[in-house]
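For reference, the structure is listed below as structure tokens.
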Amino acid sequence: MKMSKLILAAAIAAASVSGAASAANLIQNGDFEIASGVNLNNYTVVGAGDGAIAYWTVGGNSVDIINNSYNAISGNSIDMLGSPGPGVLSQSFNAVVGATYTLSFDLTHNPNSHGAGMDVFVGGNHYAFDGSTPVTNYTFNFTATSGSQALVFSSVGGDGWSGAVLDNVSVTAAVPEPETYAMMLAGLGLVGVIARRRKAAK
């Protein structure tokens with residue numbers, strides 16, 4: 001009986017630790033709400049090297065912080081094309097080599113743009129996204145290739161100064177599939193069976 005309780009406690013603890021780890025966003029200021037010089041209900045140009053968007057590095061030419069305008073998703077969002085662009089936005093975060101992580105972000109487009117897109121680079125991979133759609137959440141897994149990972153968003157296409165709009169970026173430890181929990185519980189159950197048999201044999 002004691003062994004069964006121990007196994008159950010271990011399973012609950014493992015699930016809780018995994019759930020807590022997956023909830024922690026490794027990206028700072030992923031919603032872009034920490035920014036200086038924001039022009040409310042309009043846009044603010046942030047040039048390459050300007051530290052106006054906390055924790056993020058702006059490259060290329062520029063990006064625009066848009067606030068409740070130009071199809072901003074929630075509060076501050078980033079028009080990747082800038083004024084003028086193209087713009088690049090990047091941030092590095094700590095990771096465990098070989099571990100799986102989940103990247104999630106919301107993407108849409110400035111209503112004045114056509115053919116707006118965005119390239120994403122992370123975990124040694126390149127992904128291309130169409131930014132010409134209504135607000136869409138993209139979520140996918142990647143494997144960390146080094147202890148310090150760079151997440152890079154780069155503007156593609158668009159018209160003039162209007163491009164893809166980015167918001168709500170997060171990177172979290174990937175949640176194991178249900179099959180993984182099932183295997184873990186089966187393994188713990190097997191340990192319990194072996195322990196009971198040994199006790200009975202004594």
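Please find the FRET efficiency linking ASN68 to SER90, where r is the Cβ-Cβ separation and R0 is fixed at 25 Å, and quote it to the nearest 0.05.
0.50
Amide H neighbours of HIS109 under 5 Å, counting only residues 5+ apart in sequence or on other chains, H built in-plane at 1.01 Å?
Long-range HN contacts for HIS109: VAL165.
Taking neighbour Cβ counts within 10 Å as the exposure measure, how do VAL63, VAL122, VAL175, VAL165 sort from fewest upward?
Lowest to highest Cβ neighbour count: VAL175, VAL122, VAL165, VAL63.
Neighbour counts of other C-beta atoms within 10 Å: give me TRP161, TRP56 arranged from fewest to most.
Arranged by neighbour count, lowest to highest, TRP161, TRP56 become TRP161, TRP56.
If you average 1/r over every pair of different alpha-carbon atoms in segment 26-174 and take one over that average, what Kirkwood value in Å do you get?
14.9
Apply the Karplus curve 6.51 cos²θ - 1.76 cosθ + 1.60, θ = phi - 60°, to the phi angles in segment 131-140 and return the couplings in whole Hz, x for Gly and Pro.
So the J values, rounded to whole Hz, are x, 8, 9, x, 3, 10, 8, 10, 9, 7.
Would you please give the residues with an amide H less than 5 Å from that of GLY158, counting only those at least 5 places away or on a separate chain, with H modeled from the backbone geometry?
Hits under the 5 Å cutoff: HIS114, ALA116, GLY117.
Whole-Hz ³J(HN,Hα) for each residue in segment 145-158, computed from phi via Karplus 6.51 cos²θ - 1.76 cosθ + 1.60 with θ = phi - 60°, x for glycine and proline: what do you get?
So the Karplus estimates, Gly and Pro as x, are 9, 7, x, 10, 9, 9, 9, 10, 10, 9, 5, 9, x, x Hz.
If one computes the Cα centroid of segment 46-60 and of segment 65-144, what distance in Å separates the two points?
When both Cα centres are located, 15 Å separates them.
Which value, in debye to the nearest 20, gives the size of the charge dipole of segment 26-174 about its Cα centre, when Lys and Arg are +1 and Asp and Glu are -1 at the Cβ?
Dipole magnitude for segment 26-174 comes out near 240 debye.
Exposure proxy check: LEU26, LEU103, LEU81 ranked by fewest other beta carbons within 10 Å?
By the 10 Å Cβ count, ascending: LEU26, LEU103, LEU81.
Quick note: the coordinates plus some simple rules give every number you see, no bench work behind them. These numbers come from a predicted model, not from an experiment. No Cβ is skipped: glycine too gets one built from the backbone with ideal geometry, and neighbour counts run over all protein chains shown.
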